Amino acid sequence: MLNSFLDLIDKLEKNGSLDTEEYKELLKSYKYPKERDILAAKACEKRKAIYGDNIFIRGLIEISNICGNDCLYCGIRRSNKNVTRYKMDKSDILSCCENGYCLGIKTFVLQGGESGCFNDDVLCDIVHSIKDRFPDCAVTLSLGEKSYKSYKRLFDSGADRYLLRHETIDKTHYKKLHPENMSYENRIRSLNDLKEIGYQTGSGFMVGSPFQDLNHIAKDLKFLEDFKPQMVGIGPFIPHKDTIFAKEQPGSTDLTLFLISLLRLILPRALIPATTALASLDKDGYKKGIKAGANVIMINLAPEGFKEKYQIYDDKICVSEKLADSFENVKSIAEAENMKIAFDRGDYKFDV
Ligand code: 5AD
């Protein structure tokens, strides 16, 4: 086992590429601590060579939990009647940015359910106002599938980055996670448009989502290798009580960590977060994610009254945590790993 594992890692490091079958073979090793450690050490070495000892912080602002989609796994899906829906207004959003900026945060991530509750005019004005007030900051959007024209308008208003997980690259699997009216093709079209327009583009998937097996993950890795996103978000699936997946098992922490390390080798320059889902499932998730090769942590900037209403899965952490405490927590994680929080925008380092 160990030999073929090491051969495959060597090949990946040399060529920056493996075929899907080889990824699948590699993935079988995720259960072995020794293999995970070897991979993590290589991943941290790569991260250090490119980004040094920096951990990049992002200020997350969940601007609305209103969603027109009915993704089967998600707690804020349209058909969940137990959600109290909210929508922040521009002044709420700007005051979140202000609070984050005071802590030194220079990326604001505007995330929200996919709905028309913010039209393009309103969103462009919000993006423009943030950039106007905080010109040294980056704006990342995570607002789902939109038309080329909408993405372009938002980009022209100053948005720098866009997060849109592909969720799964296997079409049959995609259909098992999403309702009839959602289109796999439109998701991929959206990702291609974002890249073409010039966004630093993020993609990714849930680890251990219902019906997923290692074949699916191997194909997801191959897709990410080819698509070359600047950011990759992966986190364990966590069931939500108000969805039909309520009784499903959550994803594996070990597999998530193994994948973070593997992605660091596939896409050495990628900005890879230790996700909130990982930290929600494992109390040391942020730390373990960083040890595995991640280099981003998101801090929730929303005040009480909003945060607790954005439950995409059960037991999401930081819901009652004060902003200053979240920040101190990330700082101590960085210090414990001999790393430091970077106080710049933390853009993707393009190959020059
Ligand atoms: N568990 C883990 N992650 C989830 N997401 C949505 N629902 C869940 C869940 N139950 C992820 C999806 C989405 C991102 C914003 O959150 O991958 O793209």
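Read-outs throughout are calculated quantities, based only on the coordinates presented, and are distinct from any laboratory measurement. Keep in mind the model is a prediction, meaning the values are calculated, not measured. In this analysis, Cβ positions are derived from the backbone assuming ideal geometry, glycine residues included, and neighbour counts consider all displayed protein chains.
The alpha-carbon of Lys31 sits under 20 angstrom from the alpha-carbons of these lysines, leaving out residues fewer than 8 places away in its chain: Lys42, Lys219, Lys283, Lys287, Lys288, Lys291.
Coupling constants for segment 267-272 follow from the phi torsions by the Karplus curve (6.51 cos²θ - 1.76 cosθ + 1.60, θ = phi - 60°), and in residue order they are 10, x, 8, 5, 8, 10 Hz; glycine and proline get x.
Return the tail of the calculated pair distribution for segment 62-116, meaning the percent of Cα-Cα pairs more than 16 Å apart. Every Cα pair in segment 62-116 considered, those over 16 Å come to 49 percent. What is the ratio of the Cα radius of gyration of the chain to 2.2 N^0.38 Å, where N is its residue count, to two decimals? Output field value: 0.93.
Phi-derived couplings, Karplus 6.51 cos²θ - 1.76 cosθ + 1.60 at θ = phi - 60°, listed residue by residue for segment 62-79: 8, 6, 6, 9, 7, 9, x, 8, 10, 3, 5, 8, 9, x, 9, 4, 3, 7 Hz, with x used for Gly and Pro. Full extension of the chain between Arg189 and Asp344 yields a length gain of 52.7 nm, computed as 0.36 nm times the residue separation minus the alpha carbon distance. Considering only Leu301, Leu259, Leu323, and ranking their Cα positions along the charge dipole of segment 215-336 that arises from unit charges at the beta-carbon of Lys, Arg, Asp and Glu, the one farthest toward the positive end is Leu259. Nearest 10 degrees, 0 to 90: what angle lies between the long axis of helix 184-197 and the longest principal axis of the chain (Cα atoms)? Once rounded, one gets 80 degrees.
Scanning the chain for cysteines with no neighbouring cysteine C-beta under 4.7 angstrom from their C-beta gives Cys44, Cys67, Cys96, Cys97, Cys102, Cys117, Cys124, Cys137, Cys318. One equal scatterer on each Cα of segment 233-352, no solvent, Debye formula: the resulting log10 I(q)/I(0) at q = 0.17 Å⁻¹ is -0.93. Spin-label pair Thr172-Asp315: with each label point 7 Å from Cα along the Cα-Cβ axis, the two points sit 3.3 nm from one another. Each principal axis of the Cα cloud of segment 161-263 was evaluated for its coordinate range; sorted largest first, these ranges are 40, 35, 23 Å. Taking a straight Cα-Cα cut-off under 14 Å and skipping sequence neighbours fewer than 8 places away in the same chain, the aspartates and glutamates within cross-link reach of Lys340 are Asp53, Glu328.
Determine the relative contact order of the chain: mean sequence separation of Cα pairs under 8 Å and six or more apart, normalised by residue count, in whole percent.
Relative contact order here is 25 percent.
The GluC sites (Glu not before Pro) of segment 255-330 that DSSP puts in a loop, and whose beta carbon has at most 10 other beta carbons within 10 Å, are Glu304. Does segment 50-149 come out rounded, prolate or oblate by the C-alpha gyration tensor, with a ≥ b ≥ c the root eigenvalues, rounded set by a/c under 1.5 and, if not, prolate when a/b is larger than b/c and oblate if not? Prolate.
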